[in-house]
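Structure, as structure tokens:
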Amino acid sequence: MSLREPRSVTITVLPGVLGAAALLGLLDVGIHGRGLDASTSAPSVVLGIALAGLPALVLAAVLALAPRGLSAALQHRRARLAAGLGAGCMVLAPLAAAALGAARYETPALPARAPGGSPAQGIPARDPPHVVLIVLDTLRADHLGAYGGPRDASPSFDALAAQATLFERCFAQAAWTVPSHASLFTGLYPVSHGASFEHARRLDDRFQTLAEWLHESGYRTAAFVANPHLAVANLHQGFELYRELAAPFSTLLLRRPLSVLGGPARWTDEGAAQAVRELGTFLTDYGEQGDAAPLFLFVNLLEPHWRHLPPYAERREALAATGGYLAGTLASTRFYGPLAMARGGLDEPAELAALRALYGAEVRYQDRLLGQLVELLETHLGLDGTLLLVTADHGENLGEGGRFDHVFALNDHLIRVPMLIRYPPRFDAGARRRELCQLVDVPATLRDVLGHAVSARDAGRSLAAGAPAASRFAYAEGDPYLEHLDRMSRAAGPKRDLSDLAAPLRSVRDARYKLVWSARRGSVLFDLSEDADELHDVAAEHPERRDALERELRRWYESQPHYEPDARAPATALDDAVRARLEALGYAP
């Protein structure tokens with residue numbers, strides 16, 4: 001090799017790497033609108049560029065080193081050509097990405113509506129009010145400051161709670177996304193709406209959702225959703241605009257190596273930053289259109305959902321005291337909750353500490369973005385003219401009693417969710433209410449507040465001031481995720497019996513006790529005042545309480561209309577990108 005060849009290699013490789021990295025990174029921004037935000041640090045940017053450029057590095061090296069035997073003049077000409085192509089790529093990539101982003105990722109507006117109403121500057125406060133429903137997917141109530149969690153965990157939520165009514169004991173009707181959202185949207189229990197593992201994991205068209213009812217009542221309806229399972233489960237019905245905050249398949253291929261070492265936030269943010277940007281654009285455009293109709297907005301954020309990999313800055317801070325950034329990140333990347341359950345837990349205490357720290361970091365990061373969403377609502381809608389409801393669909397087990405993920409259980413770490421409602425005419429600022437409430441209460445609450453009669457189909461009750469007395473009980477249902485069980489059985493081996501996990505579950509609780517019924521092992525009773533992790537069955541000590549709750553659970557279950565599958569319902573086909581996102585969240589088989 002001549003003395004000129006190493007220089008030729010450098011001239012060839014460096015522009016190719018930088019150009020390909022710029023092209024891949026900026027195309028990613030252009031395709032799905034996630035740019036680098038303020039939380040992204042210089043090391044993570046450099047790392048992202050380096051990893052994105054690896055394929056280009058290999059190709060450029062091949063171009064520079066082979067074939068051998070060319071004359072020095074031809075080698076030099078080839079190196080200059082490669083350098084020119086690389087430099088041109090660096091120049092053209094930003095322009096191409098900007099054009100692609102403008103052409104393909106502009107936040108759409110609601111479809112045009114028939115003329116009516118007077119034009120307005122911005123979105124005016126009104127009667128009836130705008131309605132905004134924010135679901136913080138997979139958020140445990142006890143990880144928020146307002147519910148006794150760390151004081152610095154949720155300053156945005158806590159500040160909002162001081163202006164709203166906070167429900168201290170609110171419960172989801174299921175421990176995972178689809179049936180819980182279906183109950184929230186329809187006011188029905190899973191036994192009635194059937195959107196569960198037991199059936200088709202989707203909501204039939206015959207059930208009316210909040211979005212459909214509000215649209216029929218004159219509302220414009222729009223949704224910004226990070227969890228891809230909602231659209232797959234037909235929970236997008238009724239929205240005129242349904243915007244999925246989804247990563248493209250190409251980004252998913254890069255996400256694992258990038259996230260392991262702390263890649264840019266656009267690969268580790270689950271959509272919250274994108275929700276802020278898109279909602280800001282949407283509200284600005286909607287205000288300029290002068291539509292006089294009230295608005296129903298639904299926002300679903302996904303940050304605390306497994307896999308727990310918050311952006312670089314939050315992750316570094318969270319892992320500082322748990323054994324190191326890289327070790328904690330690798331522990332989270334390798335972790336899969338059902339397999340950890342099958343193996344009897346985690347071997348290293350440091351891994352569990354890292355997982356819990358990362359979950360807390362996700363909560364803090366999401367809370368910061370929640371604060372930005374609330375600022376947008378104040379700017380464009382005016383909070384006093386908006387009925388704002390913030391809740392979660394379920395929580396997450398983080399190793400309590402050997403449980404992980406949000407499957408095979410109905411303990412409070414899964415089904416106790418935050419709930420606040422801000423609307424001064426009917427909900428007192430700073431009030432804390434301790435009666436039991438449920439997600440199925442939300443439709444009845446909205447009907448009451450908006451001046452409609454509570455539907456006879458609603459299983460819940462209104463939570464507004466002056467409504468009938470609170471229920472004495474809260475109910476939930478669980479059905480087994482058989483795809484998880486198949487993988488768990490292979491991991492556990494023949495010596496570990498997992499058959500109990502294949503049983504449907506139901507639970508009922510009052511102010512102190514919870515009874516959980518399993519189709520395989522019968523009933524267990526927990527005294528929640530002394531056993532928050534629900535580890536000790538006290539049925540033998542309190543047989544009268546067990547019997548009373550068993551009767552109540554039976555009465556409730558038999559009183560509900562039971563779901564009958566619709567044979568005409570179409571099967572849901574998943575494209576590759578949606579399937580990849582669901583697999584990344586631990587859902588798809």
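Rule-based calculations on the coordinates, nothing more; no lab input. Since this is a predicted model, take the numbers as computed values, not measurements. Every residue, glycine among them, receives a Cβ derived from its backbone with ideal geometry; neighbour counts consider all protein chains shown.
Stretching the chain fully between H452 and T379 yields a gain of 23.4 nm (0.36 nm per residue, less the alpha carbon separation). Fully extending the segment from E564 to A465, taken as 0.36 nm per residue of separation minus the present Cα-Cα distance, adds 32.1 nm. In terms of packing, defined here as the mean over residues of other Cβ atoms within 10 angstrom, the peptides 359-366, 340-347 line up highest first as 359-366, 340-347.
Please report the equivalent ellipsoid semi-axes of the stretch 351-440, computed as sqrt(5 x eigenvalue) of the Cα gyration tensor, largest first, in whole Å. Don't jump to the answer; show the numbers that get you there.
Details: eigenvalues 179, 67, 18 Å².
Listed largest to smallest, the semi-axes of the stretch 351-440 are 30, 18, 10 Å.
In debye, nearest 20, what is the charge dipole magnitude of the stretch 376-432 about its Cα centre with +1 on Lys and Arg Cβ and -1 on Asp and Glu Cβ, if you could check? Provide the component values of the computation, followed by the final result.
Working: 5 positive and 8 negative charges, 36 e Å.
The dipole magnitude comes to about 180 debye.
Tell me the net charge near T165. Cut-off is 10 Å between Cβ atoms, T165 excluded, with +1 for each Lys or Arg and -1 for each Asp or Glu.
Working: positive: R422, R426, R432, R433; negative: D428.
Neighbour charge sum, excluding T165 itself: +3.
At a 10 angstrom cut-off on C-beta neighbours, averaged per residue, how do the peptides 428-436, 165-173 rank from highest to lowest?
Values: 428-436: 13.6, 165-173: 24.3.
Descending mean neighbour count gives 165-173, 428-436.
For the pair A519 and R151, a Förster radius of 41 Å applied to the C-beta separation gives a FRET efficiency near 0.45, rounded to the nearest 0.05.
Pull out the extension gain between A503 and Q163, defined as 0.36 nm times the separation in residues minus the alpha carbon to alpha carbon distance; nm, one decimal.
Details: separation 340, 0.36 × 340 = 122.40 nm, distance 4.24 nm.
The span from A503 to Q163 would gain 118.2 nm if fully extended.
Seen from R201, the other residues with C-beta closer than 12 Å to its C-beta sum to a net charge of -3, counting Lys and Arg as +1 and Asp and Glu as -1.
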